[in-house]
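Engineer: Dumping the structure here so I can ask a few things about it.
The values are calculated or read from the model by the stated rules, or taken from the named source; none is laboratory data. Computed from a predicted model, the values in this text were never measured in an experiment. Quick reminder, even Gly has a Cβ in these numbers, built from the backbone with ideal geometry, and neighbours come from all protein chains shown.
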Amino acid sequence: MSTPALSVADKAVITRRITLLSTLAATLLIALKGAAFAASGSVAVMASLADSCLDLVASLVTLLAVRYANAPPDAAHRFGYGKAEAFASLMQAGLVFASGALIGREAIGRLLHPAPVSVDGWSIAVMIVSIAITGGLITLQSRALAKAGSIAVAGDRAHYAADLASNGVVIVGLLATALTGVVWIDAVAGLVVAAWLVWGAVGVFRGASGQLMDRELSDKDRARVLALMAQDPRVRGVHQLRTRESGPYIHIQAHIDLDHDLTLEAAHQIVVDAERRILSIFPAADILLHADPRGRAETHGGVFGES
């Protein structure tokens, strides 16, 4: 039995809870890593600390964005505020890029001018705890994404996935420095963190730009929409299907071919039934269907009428 689709309100509750949790987790990680950096002076620990500071900023932006994105449409924004999530993701990508650049510069400086690094059990313990906290948060974010599918939460998770990897690199750098006495290993670990952050930012940017540029839904979802509309044998065909995502919402437009001798009332009922079938699978959909008399409809619909 398939899991019932969640309503927009249910998804909003999930995204609000997970963004609040990520904000609290970032605050805790900053406190732990700040103490570890003060004790060790490690550039790799500093890299991870800077990452967590930006994670907190990004989480706060996401926290506000998901609330704004779920606001209902009004007279000035007929399609709602869903793209606020994509704007938040772009901001996250910019923060991560900046973080990577600053950390990379510091790491290169340490390579050119090595400085002693204090490695102690406290620093290692803090980083291990950070890995545990971050790993738990990513697990919960993944579950929230499977249910709610928020692009802003996806961007937030990308930050913490990079943070998880950077924590592991930090531990390797600290241990390698302690075992070998070679101080540049710590700086190399910082460079690895910087490169990972930049790579993660690229993924976040691509996802957000897809929504802002009104990218179509996946081929699988488009095929599902077409199949739902065509379930009624009275629907003779579907054309000019257009779809796009906007935060928690998706927008669907299409023309359906109907027999030309149907009454207006009958044609209207077929359209309404098709909308209900789509909403049963995509409850966050805003749907606009136009009925065409099969074989008798001239090209229409404005500048994109033939697309």
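Engineer: List the residue pairs whose Cβ atoms are under 9 Å apart, where the first residue sits in region 71-97 and is closer than 17 Å to residue 12 by Cα, the second is aromatic (Phe, Trp, Tyr) and loosely packed, with under 14 Cβ neighbours inside 10 Å, and the two are 6 or more positions apart or on different chains.
Structural biologist: Partner pairs satisfying both residue conditions: 73/79.
Engineer: Would you point out which residue out of 204, 235, 225 is part of a loop (DSSP other than H, G, I, E, B), surrounded by 14 or more Cβ atoms within 10 Å (Cβ to Cβ) and not hydroxyl-bearing (Ser, Thr, Tyr)?
Structural biologist: Only one candidate passes the filter, namely 235.
Engineer: Of the residues 132, 71, only one is part of a loop (DSSP other than H, G, I, E, B) and modelled with pLDDT of 80 or more; which?
Structural biologist: The conditions single out 71.
Engineer: Using the structure shown, decide if residue 14 is at pLDDT 85 or above and touching a Lys or Arg at 6+ places or on another chain (Cβ under 9 Å).
Structural biologist: yes
Engineer: Only one residue in 92, 141 is assigned to a helix (DSSP H, G or I), modelled with pLDDT under 80 and in the same structural domain as residue 189 (by TED's automatic domain parsing), so which one is that?
Structural biologist: 92
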